[in-house]
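Read through the structure below, which is laid out as structure tokens, and then see the notes.
The values are calculated or read from the model by the stated rules, or taken from the named source; none is laboratory data. Keep in mind that this is a model prediction, so the values were computed, not measured. Because the Cβ atoms are built from the backbone with ideal geometry, glycine has one as well, and the counts that use them run over all protein chains shown. Quick note on the areas: whole protein, heavy atoms, side chains included, nothing else; ligands and nucleic acids left out. Shrake-Rupley method; radii C 1.70, N 1.55, O 1.52, S 1.80 Å.
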Amino acid sequence: MGNPPVIGFIGFGEAGSTIARGLRSAGVERLFAFDIKLGDPLVRGRAREAQTTLVDSSSELAEAATILFSTVTSSSALDAARQTVDYHDPRHTYADLNSVSPAVKQDIESEIAASGASFVEAAVMAPVGPYGHQVPMLLGGPSAKVFMETMAPFGMKLQVLDGAKVGSAAAVKMCRSIVVKGIEALLFECVMAATKFDADDLVFASLKETWPGVDWKKLADYTSGRIVVHGERRAREMEEVAETLKAIGIDPIMAEATARRQDWSAQMDLRSHFGPEGPKTYQDVVDVIDKIQRTT
């Protein structure tokens, strides 16, 4: 494998720290991170758990690490590139893992290219939590193959989109999200209504007749939990999808509706009623919603 990679994380939230923890377990010995919430006990706890060294600035991170993973919030992805690019040079590889539009990925590439650093577009294609550093990613950009060759020996599941321009991987993820997050929102709204009439089992039985290969109750349990735990982030991602659709002349009717339903969960603060793993069933969520509505 040559010299072992030295990896730095720009942003050390749930995604970044989970990937770092996995890479540490896979044998990556030198991990660093910078987060604007450096003093937050949660960030420091994540760093201890992932055996990752926190540094005090972007310049220190660039000095310590040559492969940089940007794992910030989607709304901060471009700003993160702009705020760190002055510290990069041709020895650096900047991999953007954030859920942003194809156009934003291209803007980030332009910023990074000005420093001479290599840029890799990475589209994370599944929730990071269950997979850790082995979460499937699509890669784009001229440096994608070298990045894959460096990181795949540590168990990362990387697929290079050969010949695709930067933004293509993000487009795949965004179009997929219209379906995946749309189904989450639809099922969430469905069970909220069906349970009011004790009709949920009948609804699932009817759906199974139409789509016999799907366990609809199990899917509703899972997707309701995803909305509760990740609704705010998913809402922001779907807003990015909506803006992308507008930019190419498509009225984002469904994407905007999905963002509203995902955001509704965050506004209700449903997550605070459950542990870190979220609810186990949609009925758990419905019970909490009923309780909130009775007391307001």
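Note on the range 193-240: with neighbouring protein chains present and a 1.4 Å probe, carbon and sulfur make up 57 percent of its accessible heavy-atom surface. A DSSP coil position with no more than 16 other Cβ atoms inside 10 Å describes the following GluC sites (Glu not before Pro) in the range 1-57: Glu29. Overall shape: oblate for the range 173-294, with the ratio a/c of the largest to smallest alpha carbon gyration tensor axis at 1.5 or above and b/c at least equal to a/b. Summarising the label geometry, the points placed 7 Å from Cα in the beta-carbon direction at Ala103 and Phe197 lie 4.2 nm from one another. With a Förster radius of 51 Å, plug the Cβ-Cβ distance of Asp251 and Leu38 into 1/(1 + (r/R0)^6) and report the FRET value to the nearest 0.05. Step by step, r from the Cβ atoms, then E = 0.75. Given a cut-off of 30 Å, name the pairs among Lys165/Lys217; Lys173/Lys217; Lys37/Lys173; Lys157/Lys280; Lys196/Lys280 whose C-alpha atoms lie farther apart than that in the structure shown. Those over the limit are Lys165/Lys217. In the context of the full set of protein chains, residues of the chain present 50 Å² of accessible surface per residue (probe radius 1.4 Å, heavy atoms only). Per-atom-type breakdown for the range 65-104 gives carbon and sulfur 48% of the accessible area (1.4 Å probe, protein chains only). Derived scalar couplings between HN and Hα for the range 219-231 equal 5, 5, 4, 5, 5, 5, x, 5, 5, 5, 6, 10, x Hz in order, rounded to whole Hz, by the Karplus curve 6.51 cos²θ - 1.76 cosθ + 1.60 (θ = phi - 60°), x for Gly and Pro. Between the entries [x] 20.3, 63; [y] 18.4, 58; [z] 24.0, 68, the label attached to Rg and Dmax of the Cα atoms in Å calculated for this structure is [x].
Rounded to the nearest 20 debye, the dipole size of the range 1-127 about its Cα centre is 440 debye, using +1 on the Cβ of Lys and Arg and -1 on the Cβ of Asp and Glu. Dipole magnitude for the range 177-256: computed about the Cα centre from +1 point charges on Lys and Arg Cβ and -1 point charges on Asp and Glu Cβ, it is near 160 debye. At a Förster distance of 25 Å, what's the computed FRET efficiency of Ala26 paired with Ser110, Cβ-Cβ distance as r, to 0.05? Once the sixth-power term is evaluated, E becomes 0.20.
Ranking of Asp162, Asp89 by solvent-accessible surface, largest first: Asp162, Asp89 (1.4 Å probe, protein heavy atoms only, all chains present).
For Gln293 and Glu243, the FRET efficiency from 1/(1 + (r/R0)^6), where r spans their Cβ atoms and R0 equals 45 Å, is about 0.90.
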